[in-house]
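Novice: Can you read through this structure? Questions will come right after.
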Amino acid sequence: MTVQAEPYEFEFDPKTAALLIIDMQRDFVYRGGFGEALGNDTSLLLKAVPPTERVLKAARRAGMFVAHTREGHRADLSDLPRAKRARGRLKVGIGDPGPMGRILVRGEHGHDIVDELRPMPGEPVVDKPGKGSFYATDLDTILRTRGIQQLIVCGVTTEVCVHTTVREANDRGYDCLVLEDCVGSYFAEFQDAGIKMIKAQGGIFGWVSDSTRLLEVLGKGQTAREASSARG
Ligand code: C5J
């Protein structure tokens with residue numbers, strides 16, 4: 001399949017491409033969570049959810065492998081580096097009781113994935129203590145075991161966990177397509193710069209497209225498969 005993208009078209013086979021949805025967690029995305037408590041405008045993240053939901057449904061229909069990540073820590077915070085805990089001099093930070101349970105602690109309501117994008121059985125959920133999805137996780141093993149070579153990336157936030165993951169993936173030999181309307185930042189200027197950086201210099205970290213352009217080709221693939229199975 002070929003998706004129109006920048007800096008040039010992105011070619012992928014749904015059998016060896018995965019949809020990777022990064023950190024679409026209630027605490028980052030929903031009103032009343034940790035992100036908002038820090039003074040951020042969560043609407044900039046929430047607007048990435050509906051297009052991501054459409055892409056998720058299409059990817060499932062196309063039989064693509066789907067994986068989700070969540071940023072967070074063990075309840076005893078034994079995997080929370082001192083530097084990460086101290087950063088920001090926050091009054092209420094990681095591990096403290098927050099509006100949706102203990103902040104960024106696994107098992108808490110706010111740490112889990114938003115209702116619209118709830119993982120289905122068979123879709124791995126990778127818990128990560130850092131910003132990158134490959135650091136201190138088994139994501140690379142999971143992807144390589146499935147023969148995945150390309151990643152279609154959605155999630156939050158664009159310049160933090162999405163960027164770190166795309167850079168890590170790039171160094172590990174994966175081709176990444178980032179869907180511009182399916183990633184979000186609390187800062188409009190970082191969204192803009194983050195997207196530009198990925199596709200600069202001939203696609204230094206990967207490709208950029210959007211949900212509309214991807215859905216067009218996933219939908220066509222679906223139609224072709226249905227027609228060929230109807231023909232027997
Ligand atoms: C942040 C993330 N922004 N998922 N996490 O702290 O991007």
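Novice: Scan around L151 for amide H atoms under 5 Å from its own, H built in the peptide plane at 1.01 Å from N, and keep only partners 5 or more places away or cross-chain.
Specialist: Amide H neighbours of L151: A18, D175, C176, L177.
Novice: I would also like to ask the following. Could you work out how far the C-alpha centroid of the stretch 96-127 sits from that of the stretch 181-209, in angstrom?
Specialist: So the separation of the two Cα centres works out to 25 Å.
Novice: Distances longer than 33 Å among the Cα atoms of the chain: what percent of all pairs is that? Before the final figure, lay out the partial values.
Specialist: Details: 4086 of 26796 pairs.
Beyond 33 Å sits 15 percent of the P(r) for the chain.
Novice: Once amide H atoms are placed 1.01 Å from N in the peptide plane, what residues at a sequence separation of 5 or more from G98, or on another chain, have their amide H within under 5 Å of its amide H?
Specialist: Answer set, sorted by chain and number: I103.
Novice: For helix 211-231, report the angle its Cα long axis makes with the longest principal axis of the Cα atoms of the chain; keep it between 0 and 90° and round to the nearest 10°.
Specialist: Between the helix axis and the principal axis of the chain, the angle is about 50 degrees.
Novice: Once you sort the root eigenvalues of the Cα gyration tensor of the stretch 106-207 as a ≥ b ≥ c, which label holds: rounded (a/c under 1.5), prolate (a/b larger than b/c) or oblate (the other case)? Before the final figure, lay out the partial values.
Specialist: Working: a/c = 1.84, a/b = 1.18, b/c = 1.55.
Since a/c reaches 1.5 but b/c is at least a/b, the shape of the stretch 106-207 is classed as oblate.
Novice: Just in the stretch 101-178: which chymotrypsin sites (Phe, Trp or Tyr not before Pro) are loop by DSSP and have at most 16 other Cβ atoms within 10 Å?
Specialist: On the way: sites: F134, Y135, Y174; in loops: F134, Y135, Y174.
Qualifying residues, ordered by number: Y135.
Novice: Pull up all non-local amide H partners of V126: gap of 5 or more, or a different chain, and H-to-H distance under 5 Å with H placed in the peptide plane.
Specialist: For V126, the qualifying residues are H68, T69, R70.
Novice: So for the stretch 78-136, averaging the separation of alpha carbon pairs under 8 Å that are six or more residues apart and normalising by length, what relative contact order in percent results? Intermediate results must be reported in sequence, preceding the final value.
Specialist: Details: 41 pairs, mean separation 9.7, N = 59.
Computed over the stretch 78-136, the figure is 16 percent.
Novice: Additional query: Please list, or write none, the lysines whose alpha carbon is within less than 23 Å of the alpha carbon of K91, excluding same-chain residues fewer than 8 places away.
Specialist: Here the lysines satisfying the reach criterion relative to K91 are K131.
Novice: Compute all pairwise cysteine Cβ distances in the chain, then list the cysteines with no distance under 4.7 Å to another cysteine.
Specialist: Cysteines of the chain left without a disulfide-compatible partner: C161, C176.
Novice: Have a look at the DSSP beta bridges in the stretch 84-232 and tell me what percent are antiparallel, nearest 5. It would help to have the intermediate numbers written out before the result.
Specialist: Values: 2 of 12 bridges.
Among the beta bridges of the stretch 84-232, antiparallel pairing accounts for roughly 15 percent.
Novice: So what's the stretch 44-114 giving for Rg/Rh, alpha carbon basis, Kirkwood Rh from the mean inverse pair distance?
Specialist: Over the Cα atoms of the stretch 44-114, Rg/Rh equals 1.09.
Novice: Hey, another quick one. To the nearest 10 degrees, how steeply does helix 188-203 sit against the main Cα axis of the chain, on a 0 to 90 scale?
Specialist: Roughly 40 degrees, rounded to the nearest 10.
Novice: What is the chain's relative contact order, in percent, from Cα pairs under 8 angstrom and six or more apart in sequence?
Specialist: Values: 447 pairs, mean separation 63.5, N = 232.
Reported as a whole number, the value is 27 percent.
Novice: Longest exposed-loop-site-free stretch of the chain, with trypsin sites (Lys or Arg not before Pro), DSSP loop and at most 10 other Cβ within 10 Å? Provide the component values of the computation, followed by the final result.
Specialist: On the way: sites that count: R89, K91.
That gives 92-232 as the longest site-free run.
Read-outs: derived from the displayed coordinates by stated rules, not from any lab. A quick note: this is a predicted structure, and the numbers were derived from the prediction, not measured. Glycine gets a Cβ as well: all are built from the backbone with ideal geometry, and neighbour counts include every protein chain shown.
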